[in-house]
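Here is the structure we will look at, set down as structure tokens.
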Amino acid sequence: MALLIKNGTIVTAGEQMQADIYCEGEQISRIGKHLDAPPDTTVIDATGKYVFPGFIDPHVHVYLPFMGTFAKDDYISASKAALIGGTTTLIEMVCQARNGRPLADGFEFWMSQAAGKSACDFTFHQSVTRYDAQVEAELTEIVKAGVASFKVFLAYKGAFGITDEELYHTLRLAKKLGVIVTAHCENADLVLELQKQLLNEGKTGPEYHYWSRPPRVEAEGVHHLLSFAEMTGAHTYIVHTSCEEALREAMAGKDRGLNVWVETLIQYLVLDKSYAELPNFEGAKYVMSPPLRDKKNQDVFWNALKQRFVSTVATDHAPFDFKGQKEMGRDDFTKIPNGIPSLEDRVNLLYTYGVTTGRLDLNTFVDCASTQAAKLFGLFPRKGTIAVGSDADLVVYDPNYRGVISAKTHHINLDYSAFEGWEIKGRPSVVTVRGEVAVRDGEFVGTIGRGQFLKREPTHF
Ligand code: URP
Ligand code: ZN
Ligand code: ZN
């Protein structure tokens, strides 16, 4: 069935125009003024609304075994929530299979979690948590299967973390294969020592999480990664950058000619470390790594987005209930599962706190929430823009909507919202996935399992 979106203001990363969009099958086939269409076409009137390309969240966890428990969402709840919030493509991380089992086992397992369940399109970063000749051969095969990005952790020693030797070889292989390496940058040894010291001093509450991972720990991680990137020529992408110190290290790397890109998260733009200091263990809801920072960092990041020093705004969605999961760390902050879920709210928060306040113009908003992720991760121009031939993933956005975020009404599978009671100004009124209407006025009307795995080609040579 064809789809016609009429009278909207189309906004891409580079343009803004008044025009209609006609979609046949799964792609956009015409863009122009006063388009007409056959009688059985689904017509959406976008008068007074923006039409954005489907948003892309390049850093999401759905199936995540982590810190002795499992993230709460599955692909049904996560993809519905993503779509209601305007996100039409997710990039999740496949964990490397343990006990020497082939890498393909992990990939097949994550595919089995997503395929037949996801209502939106998805693709994966392949995590590398150990490295040897066999892994090298398997990574080469995974890239051929369409996974064109790796993920490494400098933090989480003994779990996801890798050694410097493994980091060096992973980056060398990535350079050879043209694959970008996304990296969690925190010095794992510093974290461990600071954690021990704090616990020995009886500092066990969620507010001490910050002091076990202060800005220098993150900045050192970025510096460390970029020394290895410089030695290998690999292209790198620093995930969840939270503080000015880390951003400065990344900019220093850019200044000396490295191919490095920076992601921040919506949480760091709108929340600060005082939330993790809330009494009665409420702060646990706001524990993630790197931690929420001093408020002064927020202006730094809004400005860095405006100047395009920071390429993307993601969520690092990692949902753990307050009851039973965050509570695992009641007597020891190092046991609080890390994560502040925001998959459903990212776009509305960025619009409300970025666009309506004048911190971001509409084109930059689209660029950092959609287009840059598509470009960096080999999805452009199929995703991340509105153009003839692109997938008809479209968000008809109502800037006049007013609402409030609440765990009572959200669609992720979680017993709290980090943004409980926050006002949002604007939300998607219609969201389409490859030409099919998936959301109308906050209700999911799409098809579970329609989401496709997006095969990607290496582009980072
Ligand atoms: O706190 C976080 N970031 N949780 C998810 C795991 C990760 O580090 O990406
Ligand atoms: Zn991380
Ligand atoms: Zn993550």
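The values are calculated or read from the model by the stated rules, or taken from the named source; none is laboratory data. Treat the numbers as computed from the prediction; the structure is a model and nothing was measured. Please note: Cβ atoms are built from the backbone with ideal geometry, for glycine as well, and neighbour counts cover all protein chains shown. Please note that ligands, DNA and RNA were not included when accessible areas were found on the heavy atoms of the full protein model with its side chains. Shrake-Rupley method; radii C 1.70, N 1.55, O 1.52, S 1.80 Å.
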*For region 159-182, enumerate the residues that are touching a Phe, Trp or Tyr at 6+ places or on another chain (Cβ under 7 Å) and within 16 Å of ligand 3 (Cβ to nearest atom).*
PHE160, GLY161, ILE162, ILE180, VAL181, THR182
*Test set (1) more than 16 Å from ligand 3 (Cβ to nearest atom); (2) closer than 24 Å to GLY158 by Cβ - VAL287 fails condition number*: (1)
*Identify all residues within region 150-169 that are in a helix (DSSP H, G or I) and more than 16 Å from ligand 2 (Cβ to nearest atom); write none if there are none.*
ASP164, GLU165, GLU166, TYR168, HIS169
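Taking the criterion of being in the same structural domain as LEU225 (by TED's automatic domain parsing), assigned to a strand (DSSP E or B) and either buried (at least 24 other Cβ atoms within 10 Å of the Cβ) or in contact (Cβ under 8 Å) with a residue 12 or more places away in the chain (or both), would at least one residue in region 132-149 satisfy it? Let's see the steps before the verdict.
Quick first cut of region 132-149, residues in the same structural domain as LEU225 (by TED's automatic domain parsing) only: 132-149.
Filter once more, so that each one left must be assigned to a strand (DSSP E or B): 149.
Restricting the remaining residues to those that are either buried (at least 24 other Cβ atoms within 10 Å of the Cβ) or in contact (Cβ under 8 Å) with a residue 12 or more places away in the chain (or both) gives 149.
Within region 132-149, one or more residues are in the same structural domain as LEU225 (by TED's automatic domain parsing), assigned to a strand (DSSP E or B) and either buried (at least 24 other Cβ atoms within 10 Å of the Cβ) or in contact (Cβ under 8 Å) with a residue 12 or more places away in the chain (or both).
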_For region 150-185, which positions are open to solvent by less than 10 Å² (accessible area, probe 1.4 Å) and of a type in the set (Lys, Arg)?_
LYS151
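Please indicate, with yes or no, whether at least one residue in region 375-395 is farther than 28 Å from ALA145 by Cα and modelled with pLDDT of 95 or more.
In the first step, residues of region 375-395 are kept if they are farther than 28 Å from ALA145 by Cα; the result is 395.
Restricting the remaining residues to those that are modelled with pLDDT of 95 or more gives 395.
Yes.
State all residues of region 296-352 that are among the hydroxyl-bearing types (Ser, Thr, Tyr), within 16 Å of ligand 1 (Cβ to nearest atom) and open to solvent by less than 10 Å² (accessible area, probe 1.4 Å); if no residue qualifies, say none.
Taking region 296-352 as the starting set, the residues that turn out to be among the hydroxyl-bearing types (Ser, Thr, Tyr) are 311-312, 315, 334, 342, 351-352.
So of that shortlist, the ones also within 16 Å of ligand 1 (Cβ to nearest atom) come out as 312, 315, 334, 342.
Selection gives THR312, THR315, SER342.
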*Hey, could you check region 251-276 for residues that are under 21 Å from the mean Cα position of the chain (by Cα) and within 18 Å of PHE150 (Cβ to Cβ) and say which is nearest to ligand 1 (Cβ to nearest atom)?*
GLU263
_Of all residues making up region 198-218, the number that are open to solvent by 30 Å² or more (accessible area, probe 1.4 Å), in a helix (DSSP H, G or I) and not aromatic (Phe, Trp, Tyr)_ = 4
*Across region 369-405, what is the number of residues that are within 30 Å of PHE320 (Cα to Cα), of a type in the set (S, T, N, Q) and open to solvent by less than 20 Å² (accessible area, probe 1.4 Å)?*
2
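For region 417-461, how many residues meet the condition of being part of a strand (DSSP E or B), under 15 Å from ALA82 (Cα atoms) and among the acidic types (Asp, Glu)? Break it down stepwise before answering.
Within region 417-461, the subset part of a strand (DSSP E or B) is 423-433, 436-440, 443-444, 453.
Narrowing further to those that are under 15 Å from ALA82 (Cα atoms): 427-433, 437-440, 443-444.
Pick out the ones that are also among the acidic types (Asp, Glu) and you get 443.
Qualifying residue count for the region: 1.
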*Report yes if some residue within region 186-197 is assigned to a loop (DSSP other than H, G, I, E, B) and open to solvent by 10 Å² or more (accessible area, probe 1.4 Å); otherwise report no.*
yes
*Of all residues in region 315-339, how many are touching a strand residue (DSSP E or B) at 6+ places or on another chain (Cβ under 8 Å) and within 16 Å of ligand 2 (Cβ to nearest atom)?*
8
*Qualifying positions in region 215-243 - hydroxyl-bearing (Ser, Thr, Tyr) and out of contact with any Phe, Trp or Tyr (no Cβ under 9 Å at 6 or more places or on another chain)*: SER227
*Do you know which residues across region 45-68 are hydroxyl-bearing (Ser, Thr, Tyr) and either within 16 Å of ligand 2 (Cβ to nearest atom) or outside any strand (DSSP E or B) (or both)?*
THR47, TYR63
*Among the residues listed as PHE109, PHE122, the single one being within 29 Å of GLY449 (Cα to Cα), within 18 Å of the chain's Cα centre (by Cα) and assigned by TED's automatic domain parsing to the domain that holds VAL262*: PHE122
